[in-house]
Structure formats: structure tokens, C-alpha cells
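Notes for the one structure printed next.
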Amino acid sequence: MRYGQGSSHGFLALKTLDGVTIATGDSTQVVSRGRVTSRLIFHFKDGSVDEDVTVFTQQGVFRLISDHHIQHGPSFPKPIDFLIDMASGDLTFKAEDGTISKEHMDLPADVSNGLPPNLLLNILPTTPETKVAYIAPGKKARLIHLSIKPMGTLTFRVGAFRRKATDFTLHVELGGVTGVVAPIIGKQPSDYHIWLQDGTPPAFVREEGPLYEGGPIWRMEQISPSFQ
């Protein structure tokens, strides 16, 4: 781990690739007693909500403690309410009708749900590839892996000044037979892209990818408050 996380509060916009804002949100982090609680929430114009609360430690490496991800509303065809508890290995899914199902999984230590932006801040742009585990949410959860690779740089502007950002691609590796046939039957998930400004420390610039399986590609960017 190169850069530990501190308490912070930022504002975000979620847009289509055409630049239309569909949601605004907050990204907060609170550090207390050796734990970091990260909360990312988007409120959509159509009333939908996407909220992800992640608790982790950062003693030398990032270690997930829990991740609770909720999505509901018209923007999400399949609502989710999914909780990962690393200590017990329990995965809890609450269906739309209120039915609760629980399963146990032997979880690897590098489960990264809710952590990718923080992880990327600690990956050198010269690192060819980094792999981490990820739990795909659902009534029948799946253990998959993310392959993270730097894919070049992009120039952007802050005011009148040009800066460079590294484009990190997050590719979902389904693995096994499913991973082999997925591209053929059209179920291979889309790649995610996260751009970080190079520097000490790096800074988040934007992210593009689907918020749910099979969903459209949306763009996440930082915004500043306006007084009107």
C-alpha cells in the first residue's frame, strides 16, 4: 500500500456517454479506530438509488471487512440488496419481496468489492497487471476476478492547464467453462475504465462502466457545488 485513505467528502455526477446527467451523488470516507468506512451514493432523477457502503482496514494492505450494496428504482431492472461479511464468509441477499437468502463461501483475502478506486491509487502505472477477487452480487453469488491493466494515458484540462491521466482497464474474468463461452453467447461483462491523474498521490478523474450486469455504460465524474 502506497497511499492510505483518510476522511473525505466529495461530490459526483453520473452521466450517459452523451454527457446527460442522470444522477448526482456523494462519496464519503470516515476513518475511526483503524477502520475506514466508505460510502458512495447516487440519487437518480427518476428516483432510483445506488448505495455502496464498504468497511475495510489498511494496515500495509487493504483488507475488506464488509460491503453492503443496494440498488433499486426504475434505472435498475433487477434490484439488489447484497451484503458481504468477510469474517463469517456469509453472503446475504434480500429480494425485492423481502425474502432473505444466505449462503456461505470460502472467501479469499483479496475480495475487492467497493475497493477498486482505492486500490488503483496504489497501483503504479508501470505495473503490467494486477488481479483481485470480486463477488458478483445476486441470489446465487459468483466469485470472479478482475484483471487491472494500465492502457495508456489521456490528456485532460483543469482550467487552462493540461494534465495527463492513466487509463486503467478493469476486465472481468469469469473463469472456467463459463468464461470460455461467455464471449460467444454475449454474456461477457463490459470492461470498466478508471482514469487517474498521475502524481503523488494520484487523483481520481473519471470512471466509465455499467453499474449492473448487462447495463449501459455510464460515466462517473467529480463535480463542484453551485450556488443558484
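Against the definition (within 18 Å of Tyr134 (Cα to Cα) and among the charged types (D, E, K, R)), how does Asp67 come out, yes or no? It is true that Asp67 is within 18 Å of Tyr134 (Cα to Cα) and among the charged types (D, E, K, R).
Screening Asp46, Asp50 for residues that are buried (at least 18 other Cβ atoms within 10 Å of the Cβ), charged (D, E, K, R) and at pLDDT 95 or above leaves exactly one candidate, Asp50. Selection within region 166-178: residues that are among the aliphatic types (A, V, I, L, M) and either at pLDDT below 95 or in contact with a His (Cβ under 7 Å, 6 or more places away or on another chain) (or both). The member of this set that is surrounded by the most Cβ atoms within 10 Å (Cβ to Cβ) is Val172. Taken over region 199-211, the residue count meeting the criterion of being assigned to a loop (DSSP other than H, G, I, E, B) and more than 17 Å from Thr24 (Cα to Cα) is 4.
Screening Pro74 with (1) surrounded by fewer than 18 Cβ atoms within 10 Å (Cβ to Cβ); (2) in contact (Cβ under 8 Å) with a residue 40 or more places away in the chain gives one miss only, at (2). Does region 63-75 contain any residue that is touching a Lys or Arg at 6+ places or on another chain (Cβ under 7 Å), of a type in the set (Val, Ile, Thr) and either within 29 Å of Pro216 (Cα to Cα) or part of a loop (DSSP other than H, G, I, E, B) (or both)? No, there is no match, as no residue in region 63-75 is touching a Lys or Arg at 6+ places or on another chain (Cβ under 7 Å), of a type in the set (Val, Ile, Thr) and either within 29 Å of Pro216 (Cα to Cα) or part of a loop (DSSP other than H, G, I, E, B) (or both). Applying the condition of being more than 19 Å from Arg63 (Cα to Cα), within 18 Å of the chain's Cα centre (by Cα) and of a type in the set (Gly, Ala, Ser) to region 1-31 and asking which residue is surrounded by the most Cβ atoms within 10 Å (Cβ to Cβ) yields Ala23. Being in contact with a Phe, Trp or Tyr (Cβ under 8 Å, 6 or more places away or on another chain) and exposed (fewer than 14 other Cβ atoms within 10 Å of the Cβ) is a property that Arg162 has.
Only residues that are outside any strand (DSSP E or B) and aromatic (Phe, Trp, Tyr) were counted across region 18-62, and they come to 0. Any residue at all in region 189-208 that's at pLDDT below 90, crowded, with 17+ Cβ neighbours inside 10 Å and not acidic (Asp, Glu)? Looking through region 189-208, at least one residue is at pLDDT below 90, crowded, with 17+ Cβ neighbours inside 10 Å and not acidic (Asp, Glu).
Among the residues making up region 45-97, those that are of a type in the set (Phe, Trp, Tyr) and over 18 Å from Thr28 (Cα atoms) are Phe76, Phe82, Phe93. Scanning region 77-114 for residues that are closer than 23 Å to Gly47 by Cβ, in contact (Cβ under 8 Å) with a residue 12 or more places away in the chain and of a type in the set (D, E, K, R) returns Lys78, Asp81, Lys94, Glu96.
When the test is whether a residue is over 29 Å from Ala23 (Cα atoms), surrounded by fewer than 16 Cβ atoms within 10 Å (Cβ to Cβ), touching a residue at least 24 places away in the same chain (Cβ under 8 Å) and touching a Lys or Arg at 6+ places or on another chain (Cβ under 6 Å), Ser147 does not pass it. Look at (1) more than 23 Å from Ile194 (Cβ to Cβ); (2) under 16 Å from the mean Cα position of the chain (by Cα); (3) of a type in the set (Asp, Glu) and you find that Asp167 fails only one, number (1). For region 128-140: of the residues being at pLDDT below 95 and over 17 Å from the mean Cα position of the chain (by Cα), which is nearest to Thr99 (Cα to Cα)? Checking each candidate, the answer is Lys139.
The values are calculated or read from the model by the stated rules, or taken from the named source; none is laboratory data. Quick caveat, the model's predicted, so the values are computed rather than measured. Neighbour counts run over all protein chains shown; Cβ positions are idealised from the backbone, glycine included.
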